[in-house]
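What follows is a short report on a single structure.
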Amino acid sequence: MCIRSLALRGAGAAVVLALALPVGGARAHEDGAVQAEVTPADAQAGATVEVRVSGCEGSSGTAGSGAFEGDAKLTGRGGKDALHGNAEIRGGLSGSYDVTVICDGHPHQGTGTVRINQRNPEPAAPVRAGGGGTAHITSTVSAEADGADEAGPGTRHAVIGLILAGVAAVAVAFRSVRRRRSE
């Protein structure tokens, strides 16, 4: 009886966490207060861009994107003043990419966008008998599809994973108790 009571309490706690954490904890830092602006707005592959971030309380952070060679180190006074940093655009890209900012110890996904234009677009697959500008269209579509998966799982996904792991542990505990009693 004691194990059943403990299992029911664990399941109840998991349900409470599932309902409370994604709503309260995740929204505390996803309210759109953090905004990133990339200058120039339309960058070329290989160019250096400036990233300006507003809404961070701290005096440092990082900005990352699938379009950047590495994360941009952000520095500034924080608070009402913006944080600044530079990043280099990777070669061979075109299309739009989201910018993710990490400041105040929390990630802020989709805070800005960087657009990349190719100077000399090369065909993705040359066509022997004409084809005109269709090769450019296919290379642009494939580049946009490559940048679509750059955002990773957020707080809500982590909490749901933990809850599912807890429910699985309770199920294993129930099954082991039932086997012991039947023997």
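Nothing in this text is a laboratory measurement; each read-out follows from the coordinates by a stated rule. Everything quoted here is computed from the prediction, not taken from an experiment. Note that each Cβ is placed from the backbone with ideal geometry, even for glycine, and that neighbours are counted across all protein chains shown.
Things to note:
- Assuming charge only on the beta carbon of Lys and Arg (+1) and of Asp and Glu (-1), the dipole of the range 30-77 about its Cα centre is about 200 debye to the nearest 20.
- Electrostatic tally near ALA82: other residues with Cβ closer than 11 Å to its Cβ, Lys and Arg +1, Asp and Glu -1, net 0.
- Taking amide H positions as modeled 1.01 Å from N, with prolines and chain starts lacking one, the residues under 5 Å from GLY58 and 5 or more places away or on another chain are GLY79, ASP104.
- Full-extension gain in nm, HIS157 to GLU88, via 0.36 nm per residue minus C-alpha separation: 21.8 nm
- Charged neighbours of ALA41, selected by a Cβ distance under 15 Å, balance to -2 (K, R count +1; D, E count -1).
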